[in-house]
Amino acid sequence: MKLRGLYAITDSQLLAGKLLPFVEAALDGGLALLQYRDKSTDDARRLREAEALRGLCERYKAHLIINDDAELAARLGVGLHLGQTDGPLTPARALLGRQAIIGSTCHSQIELAEQAAREGASYVAFGRFFNSSTKPGAPTATLDILDQARARLNLPICVIGGITLENAAPLVAHGADLLAVVHGLFGAESPQEVTRRARAFNDLLSI
Ligand SMILES: Cc1ncc(COP(=O)(O)OP(=O)(O)O)c(N)n1
Ligand SMILES: Cc1nc(C(=O)O)sc1CCOP(=O)(O)O
Ligand SMILES: [Mg+2]
């Protein structure tokens, strides 16, 4: 499976009251991956929303990824994204199986990416590349980590952090396969604008 394209990430505050229509608009514009990212402890709502997103992703043939929560990903039979403090990758891979998409946050450290590759990650994520209102305190990254990753790894490269239609092109030129975006996509005023942006991101990746 070739992982390349737009990777939309949900945000509970930004998408409050409009999660499903805005996600469907993004899927209509074309998503490779959709990440359900909800940092709350409301397990019942998380399950309900994740199930609804899984249904949408099936209809549009996109892959759903759950942030942080290996058990929820296993329960739904979908993918998982793990940060450096979210638990080890090897048992998550054993839990979810060989086919599951599992991503790993590697900040700007090639050693973390090489370790993730050894432990069976499906993609490695680097960031943050720009100012991010979603996660302002995330460690920063520069383009040279993408050059290093291209030279040393044989895995899809995901980029994240403040990515917009205006600043994404250099990331693609330096080898990004997956553009992971919250505000630059879902910060739009209308579902129609979400769809337009999703199409434009895909055009940047020429897919
Ligand atoms: C695609 C992608 N890349 C990085 C992250 C960040 O993961 P993490 O460092 O665990 O931070 P939280 O998102 O859990 O706050 C991500 N979620 N997705
Ligand atoms: C969830 C997350 N992780 C990051 C990292 O660098 O690891 S940046 C980030 C926020 C991405 O949202 P936006 O596109 O709105 O900046
Ligand atoms: Mg995390």
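Computed from the coordinates by the stated procedures, all read-outs in this text should not be read as laboratory data. Quick caveat, the model's predicted, so the values are computed rather than measured. Virtual Cβ from ideal backbone geometry, glycine too; neighbours counted across all protein chains shown.
Taken about its Cα centre, the chain carries a charge dipole of roughly 360 debye when the Cβ of each Lys and Arg holds +1 and the Cβ of each Asp and Glu holds -1. Which of 94, 113, 138 moves the most in a Gaussian network model of the chain with Cα springs under 10 Å? Maximum fluctuation in the GNM of the chain, among the listed residues, is at 94. Dividing the alpha-carbon radius of gyration of region 1-68 by the rule-of-thumb value 2.2 N^0.38 Å gives 1.04. Here region 1-122 yields Rg over Rh of 0.95, to two decimals, using C-alpha coordinates and the Kirkwood radius. In a reduced charge model with +1 at each Lys and Arg Cβ and -1 at each Asp and Glu Cβ, region 9-105 shows a dipole moment near 220 debye about its Cα centre.
When the Cα positions of 195, 167, 183 are compared along the charge dipole of the chain, 195 comes out farthest toward the positive end, with charges on each C-beta of Lys, Arg, Asp and Glu. Once C-alpha pairs closer than 8 Å and six or more residues apart are averaged by separation and normalised to the residue number of the chain, the relative contact order reads 23 percent. The chain gives an Rg/Rh value of 0.93, both radii derived from C-alpha positions and Rh following Kirkwood. Result for the chain in a Gaussian network model with C-alpha springs under 10 Å: among 163, 145, 101, the largest mean-square fluctuation is at 145. Build a GNM of the chain with springs between Cα atoms under 10 Å apart, and of 11, 144, 28 the one that fluctuates most is 144. Rounded to the nearest 500 deg cm²/dmol, what is the calculated helix-only ellipticity per residue at 222 nm for the chain, with -39500 (n - 2.57) per DSSP H run of length n ≥ 4? Per the formula, -12000 deg cm²/dmol. Neighbour counts of other Cβ atoms within 10 Å put 40, 122 in the fewest-to-most order 40, 122. Considering region 59-152 at the alpha-carbon level, its Rg and Dmax are found to be 13.8, 38 Å. Here 51, 24 are placed in order of increasing Cβ neighbour count within 10 Å, fewest first, which gives 51, 24.
Among the lysines, select those whose C-alpha is under 19 Å from the C-alpha of residue 2, and discard any that sit fewer than 8 residues away in the same chain. Hits, sequence-local ones excluded: 61.
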